[in-house]
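Student: One structure, as structure tokens, below. Some questions next.
The values are calculated or read from the model by the stated rules, or taken from the named source; none is laboratory data. It should be emphasised that the depicted structure is a prediction, and the values quoted were computed from it without experimental measurement. Backbone-built Cβ (ideal geometry, glycine too); neighbour counts: all protein chains shown.
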Amino acid sequence: MTTSPLDRAVDSFAAELARRRTGRGLSKKQLAVLMGFDPSYVSHVEGRRHRPTEDFARRAEAVLEAGGAIWQRFREYDDARQARNGQAHRELPPPGQWLPPGTGLIVERESATLSHTDGGYRCVIRRQLYNAGTEPVTRYLVRVAVDRYPNDPGRSNRHHREHPLTFAELQLRAYRDDGGEREPMHWRAKHDRDAFKEVWLLFDNGDRRFPLYPGDRATIEYTYRVGAEKWGPWFQRAVRLPTRHLAVRLDLPAALDPQVWGAETSLSAEEGPLRTPVQRHDEGDRVIFEWETEDPPLNARYRMQWRFRARPEPEHDTPPNGRIRPSDRMRALGVVQRGDDLLRQAARPFDLPAEEPDARALVDRLSATLVRLDELHPFSKGVGIAAPQLGVVRAVAVVRPPDRNAEPVVLLNPRVVDVSPDTDEQYEGCLSFFDHRGLVPRPLRLDVEHAQWDGSRIITSFEFGMARLVAHEIDHLEGRLYLDRMTPGVPLVPVEEYRETGRPWRY
């Protein structure tokens, strides 16, 4: 039986979609949720029960980051459909950045400038906004985070606890610019922490209100200052709204002989160098470093870092009297510590049942380590360990529930297949980063598909505390640390401070 060109185009689109989806390790339901569709919609498209739409293709291309492959298959389908209906070929504009459901604001252009002065740093942020939503926008959230010693979290936290950042010293100013007419914007604090501030910029002032209505554009600008004693040698931009263009500019004194480099991370890639070089040019006694990018992905982070070669680097704190750190105790038990490349590698799955003896031996080793850990440190919330933390990059982890009488959970070749939309934030520790604790958002439920010893696979649902423990260990098997999940700007807490101020999980 022969098929029509239209049917072949539908098959080609469905096959490309399925290939890209499975390559990202997503279930049909997970992809549908990410795209903002009904959970069964992707299944219908892949099963050829629904024909692809232009909107569906644009969203799939953006979410799966398919490099144009999904979009090309849709264009072939659209051409076949037009030809069958006797319509003229139409040119489709290439997909831009898809707007997730509920998105109201688009940043059409952001330019961020950081200038070094004798007293510290001055930051100027300009954002050209477009309201693509259906409701007026009356406020805009901005964040200011400082980190004096970014490579030494314990020292930085102690420093900012003793010398907290204050709203008074920020001298925050904000304006809305409509074609040269600048309106001052009032602001209201949302979060006030030692090294982290969140502020609502309000589209009003003492004289009037000026909301950004649907379909309208406006440029906002805000400035703040931070003293050199609180600002570390880094400047980060996080993409929290759909953004068309991002530009960063550093203005540094030539006398300090600055050297600048950059790094970027995203939800689909670990930290790596900027994909395009930072441009440098001299302006009298100043050195200007500039970098820009088009259509950065949502949740990407771009960090510019520098050192002044004409100024010696500050010495790091050393533990007094050779004090043993908690991480030293973990290292003594054979637990690999942060910084080791093994922790950033994706674990290799077991071929079961052929490799059952090897898998059982590794599970026994993990279980024995947990027993020694319980003798060393109380884990009232439960504890888990993954094979890469013992230097073996294989896909297995063992989790002991909070109830010490319960049997440990063995996760062989695990894969998360569904998560709850409901999340919360709790402090987490890590055996491979044991000197600190971090506030990590996690889903309250996750469904995990994992292997049995005979190679068959089952799905187990975990909730609340166990969901958090299991998600943490599966991250290890995928080469992630909990730091990758933390909200940008939220600092780590040294374990000594956490012992005094930490709170138990609210489950």
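Student: Only one of P242, P273 is within 30 Å of D475 (Cβ to Cβ), of a type outside the set (S, T, Y), buried (at least 17 other Cβ atoms within 10 Å of the Cβ) and not assigned by TED's automatic domain parsing to the domain that holds P491. Can you tell me which?
Tutor: One residue alone meets the criteria, P242.
Student: Within the stretch 322-354, can you find the residues that are outside any helix (DSSP H, G or I), within 13 Å of R394 (Cα to Cα) and of a type in the set (A, V, I, L, M)?
Tutor: Result: A346, A347, L352.
Student: Would you confirm whether or not the stretch 67-75 contains a residue that is out of contact with any helix residue (DSSP H, G or I) (no Cβ under 9 Å at 6 or more places or on another chain), of a type in the set (A, V, I, L, M) and over 25 Å from S420 (Cα atoms)?
Tutor: Scanning the stretch 67-75, I find no residue that is out of contact with any helix residue (DSSP H, G or I) (no Cβ under 9 Å at 6 or more places or on another chain), of a type in the set (A, V, I, L, M) and over 25 Å from S420 (Cα atoms), so the answer is no.
Student: May I pose another question? Determine if the stretch 157-171 includes at least one residue that is loosely packed, with under 15 Cβ neighbours inside 10 Å, more than 16 Å from G232 (Cβ to Cβ) and touching a Phe, Trp or Tyr at 6+ places or on another chain (Cβ under 8 Å).
Tutor: Yes, the stretch 157-171 has at least one match.
Student: Please work out if T223 is among the polar types (S, T, N, Q) and either touching a helix residue (DSSP H, G or I) at 6+ places or on another chain (Cβ under 6 Å) or over 30 Å from R21 (Cβ atoms) (or both).
Tutor: For T223, the condition - among the polar types (S, T, N, Q) and either touching a helix residue (DSSP H, G or I) at 6+ places or on another chain (Cβ under 6 Å) or over 30 Å from R21 (Cβ atoms) (or both) - is met.
Student: Given the stretch 212-297, what strands (runs of 3 or more DSSP E) lie entirely inside it while holding 2 or more residues that are at pLDDT 90 or above, farther than 19 Å from A145 by Cα and in contact with a strand residue (DSSP E or B) (Cβ under 7 Å, 6 or more places away or on another chain)?
Tutor: Result: 217-227, 245-253, 258-266, 279-283, 286-294.
Student: Just one of D11, D7, D38 is surrounded by fewer than 17 Cβ atoms within 10 Å (Cβ to Cβ), modelled with pLDDT under 85 and either assigned to a strand (DSSP E or B) or acidic (D, E) (or both); which is it?
Tutor: D38
Student: Does R325 fit the bill of being modelled with pLDDT under 85 and either closer than 15 Å to D435 by Cβ or out of contact with any strand residue (DSSP E or B) (no Cβ under 6 Å at 6 or more places or on another chain) (or both)?
Tutor: yes
Student: Here are some conditions: (1) at pLDDT below 90; (2) touching a Pro at 6+ places or on another chain (Cβ under 7 Å). E181 meets all but one. Which one does it not meet?
Tutor: (2)
Yes/no per residue for (1) modelled with pLDDT of 95 or more; (2) crowded, with 22+ Cβ neighbours inside 10 Å; (3) more than 19 Å from G384 (Cα to Cα); (4) not charged (D, E, K, R):
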| residue | (1), (2), (3), (4) |
| --- | --- |
| R445 | no, no, no, no |
| D454 | no, no, yes, no |
| R457 | no, no, yes, no |
| E463 | no, no, no, no |
| E478 | no, no, no, no |
| D484 | no, no, no, no |
| P488 | no, no, yes, yes |
| P491 | no, no, yes, yes |
| T501 | no, no, yes, yes |
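Student: Scan the stretch 69-112 for residues that are over 30 Å from G25 (Cβ atoms), at pLDDT 80 or above and either in a loop (DSSP other than H, G, I, E, B) or aliphatic (A, V, I, L, M) (or both) and jot them down.
Tutor: Correct list: A80, A83, L105, A112.
Student: Being within 20 Å of L483 (Cβ to Cβ) and aliphatic (A, V, I, L, M) is the filter here; which residues of the stretch 426-452 pass it?
Tutor: L431, L439, V440, L446
Student: May I ask you to verify whether I474 is surrounded by fewer than 17 Cβ atoms within 10 Å (Cβ to Cβ) and out of contact with any Lys or Arg (no Cβ under 6 Å at 6 or more places or on another chain)?
Tutor: no
Student: Can I ask one more? Please specify each residue of the stretch 368-400 satisfying the condition of being under 16 Å from V470 (Cα atoms) and either at pLDDT below 90 or of a type in the set (D, E) (or both).
Tutor: Listed by number, the residues that qualify are L370, F379, S380, K381, G382.
Student: Going through the stretch 45-68 one residue at a time, which ones are in a helix (DSSP H, G or I) and either buried (at least 16 other Cβ atoms within 10 Å of the Cβ) or in contact with a Lys or Arg (Cβ under 7 Å, 6 or more places away or on another chain) (or both)?
Tutor: The answer is V45, E46, F56, A57, R58, R59, A60, E61, A62, V63, L64.
Student: Could you tell me which of the residues D147, D177, D192 is in contact with a Ser or Thr (Cβ under 7 Å, 6 or more places away or on another chain) and surrounded by fewer than 16 Cβ atoms within 10 Å (Cβ to Cβ)?
Tutor: Sole residue among the options that is in contact with a Ser or Thr (Cβ under 7 Å, 6 or more places away or on another chain) and surrounded by fewer than 16 Cβ atoms within 10 Å (Cβ to Cβ): D177.
Student: If I ask for residues that are small (G, A, S) and either under 14 Å from L141 (Cα atoms) or surrounded by fewer than 17 Cβ atoms within 10 Å (Cβ to Cβ) (or both), which ones from the stretch 195-231 would you list?
Tutor: G206, G215, G227, A228
Student: Another one. Tell me which residues, restricted to the stretch 393-408, are under 26 Å from the mean Cα position of the chain (by Cα) and of a type in the set (A, V, I, L, M).
Tutor: Of everything in the stretch 393-408, those that are under 26 Å from the mean Cα position of the chain (by Cα) and of a type in the set (A, V, I, L, M) turn out to be V393, A395, V396, A397, V398, V399.
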